[in-house]
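Reviewing the structure listed below.
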Amino acid sequence: MALIVEFDCTSKPPSIVILEAHQACSGATARNGGQLKPDSFHRASSLARDYGIDAAEKVAAFKAKHLAAFQSLMQMENLSVTLRSAERMMCILTRVVSLRLEVDNYQDFIDKGSRTVKKTDIIPQELAESVSSVIGALGGLTYPTGRLWPYKFVMQLLERLVSIGINLQTYTPVLGVSDSTHANERWEVRTDRGVVRAKRVVFSTNEYTSTIAPQYKGKIVPVRGVCGRTVVPNPPEHAMENSYILRFNDWHFDYLASRPDGSIIVGGVKPTFYHDTAQWYNNTDDSEVSGSAIRYFDDYMQRHFHDWQDTGAYTDRVWTGIMGYTTDGLPYVGIIPNKPGQLVLARFNGRGMPQVFLTAEGLAQMIVDGVGYEDTGLPRLFKTNKEPLENQKSQILSGVEEKTM
Ligand SMILES: Cc1cc2nc3c(=O)[nH]c(=O)nc-3n(C[C@H](O)[C@H](O)[C@H](O)COP(=O)(O)OP(=O)(O)OC[C@H]3O[C@@H](n4cnc5c(N)ncnc54)[C@H](O)[C@@H]3O)c2cc1C
């Protein structure tokens, strides 16, 4: 997405301009691993520790709704995108200590009264390798997940929007938004092609938000991610039916999802760059990938999966993209404090797919129907408010040294 300005949403078509700095859909959404993964345990249990079980459950249930929401929008708009939604994520662990921790956390979360965790099943140690086909698997978790190609999805939606009269301007970076409203109550949005005046401005500018909304400086940090595509000349007897997370320790994990053409998208790759903070933290360069990240994918499937040794699987593409990371791992959504008419929809970290879509719908309700944040059904933990903006402590870098030793 990009920066959206709105003049009149009651007119037909609504008077909306989308200002995009680069090509349409060229940011993280176009570059991601395609996993629509509403994690019903990991993230939820850590939120329960920090904010209480009710708030955590609300977030988990909100994410879970995304699978059905994508499905129904795709049907309604007749989009030609394959959504694989009836499958399980296999989160596989290869260390005994991680497995014990995971099982304890899981039980603790159930004891706290979690309902959403019931979607998650434990894979016992004795079955782990045969169920998952992962070499050295010691156990794990499974939960419902989906996958799709987000670029294809977004571009088809954009096409429909443009066809009904929404004004999309690409290669038009926003340089700044006025500090206060004009006498006629419109914000001034500056670009090098001129000024746009709008009643409402939505910042859906991901990691770049702080460059045009300075109050978010240090609160939305650009962090690089890496993905690769593996092609499989001689597919194994049993094709990869599930999506996977291979968790090697508490900071090193990769995620894998197969595509309808049989290729596999693998994301993660942290050991190749995590030791060098400048390579990934506060870095907005999505133009090139380091050589070691490329080599990381050599024989990846053969090294980690049984029955893949003779497949000739190799990586034909590796790319990088920038995510908007946050101190607390939560998005910022809603009206920007002290800026009525300016709204934000950002900070989705590395998990935008099961969050951005319905969050945007909630934000649209605020604009179109004039409802307050609390009446949108959005989780209260997503609401942007003064508290996180004034909290200067960043947890993104904490522990990096010990993680990479
Ligand atoms: C390599 C990689 C793999 C990932 N894998 C997954 C995954 O498998 N599952 C998952 O859920 N999430 C994944 N993510 C995260 C996910 O892609 C993001 O959370 C999500 O795409 C964020 O969407 P967005 O619309 O906020 O940001 P973006 O898609 O980055 O869009 C922001 C847009 O704003 C534009 N912009 C910025 N500044 C300006 C300006 N000043 N003026 C105008 N326009 C501007 C940018 O050009 C960009 O097009 C991954 C991310 C990366 C990088």
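The values are calculated or read from the model by the stated rules, or taken from the named source; none is laboratory data. These numbers were taken from a predicted model, which means no experiment stands behind them. Glycine gets a Cβ as well: all are built from the backbone with ideal geometry, and neighbour counts include every protein chain shown. Areas reflect the complete protein model, heavy atoms only, side chains present, ligands, DNA and RNA absent. Shrake-Rupley method; radii C 1.70, N 1.55, O 1.52, S 1.80 Å.
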Q.
Ratio of alpha-carbon Rg to the 2.2 N^0.38 Å globular estimate for the chain, to two decimals, please.
A. 1.00
Q) Can you list the residues, at least 5 places off or on another chain, whose amide H is less than 5 Å from the amide H of L343, using H built in the peptide plane? A) V201, V202, F203, I336
(Q) Once each part is reduced to its C-alpha centroid, what is the distance from the stretch 321-388 to the stretch 260-320 in angstrom? (A) 31 Å
Q | Phi-based couplings in Hz for the stretch 353-363 (Karplus 6.51, -1.76, 1.60; Gly and Pro marked x) | A | 4, x, 9, 5, 4, 6, 5, 5, 5, x, 5
**Q.** Surface share of carbon and sulfur [accessible, 1.4 angstrom probe, percent] for the stretch 6-78
**A.** 52 percent
Q. Considering only protein heavy atoms and a 1.4 Å probe, what is the carbon-and-sulfur percentage of the accessible area of the stretch 175-283?
A. 48 percent
Q) Over the chain, what is the relative contact order in whole percent, taking alpha-carbon pairs under 8 Å and six or more residues apart? A) 20 percent
Q. Dimensions of the stretch 153-217 along principal axes (Cα, Å, largest first)?
A. 35, 29, 20
Q: Please give the peptides 98-106, 356-364 ranked by average Cβ packing (other Cβ atoms within 10 Å per residue), highest first, as a rough proxy for protection.
A: 356-364, 98-106
Q) By how many nm would the segment from D307 to E185 grow when fully extended, if each residue of separation counts as 0.36 nm and the alpha-carbon distance is taken off? A) 37.5 nm
(Q) Suppose all protein chains stay in the model; what accessible area per residue would a 1.4 Å probe give for the chain, in Å²? (A) 47 Å²
(Q) Quick check on the stretch 25-114: what are the equivalent-ellipsoid semi-axes from the Cα gyration tensor, as sqrt(5λ), descending, whole Å? (A) 29, 17, 12
Q. What are the trypsin sites (Lys or Arg not before Pro) within the stretch 181-233 that DSSP puts in a loop, where the Cβ has at most 14 other Cβ atoms within 10 Å?
A. R193, K217
Q) Counting only residues 5 or more places away or on other chains, whose amide H sits under 5 Å from the amide H of W251 once H atoms are built in the peptide plane? A) none
(Q) Apply the Karplus curve 6.51 cos²θ - 1.76 cosθ + 1.60, θ = phi - 60°, to the phi angles in the stretch 309-315 and return the couplings in whole Hz, x for Gly and Pro. (A) 4, 9, 7, x, 4, 9, 8
Q: Report the label-to-label distance for T82 and V96 in nanometres (one decimal), using points 7 Å from each Cα along the Cα→Cβ vector.
A: 4.1 nm
Q: Would you mind working out the magnitude of the charge dipole of the chain relative to its Cα centre, with +1 at each Lys and Arg C-beta and -1 at each Asp and Glu C-beta, to the nearest 20 Debye?
A: 780 debye
Q: Kindly state, as a whole number, the per residue volume in cubic angstrom of the convex hull around the alpha carbon atoms of the stretch 78-130.
A: 123 Å³
Q. Hey, rough spin-label estimate for A55 and N167, points 7 angstrom out along Cα→Cβ, what's it come to in nanometres?
A. 4.1 nm
Q) Out of residues 5 or more away from M90 or on other chains, whose amide H comes under 5 Å of its own, with H placed 1.01 Å from N in the peptide plane? A) S243, Y244, I245
Q. Which of the residue pairs K63/K119; K37/K152; K65/K383; K112/K270; K65/K119 have a Cα-Cα distance greater than 23 Å in the structure shown?
A. K112/K270
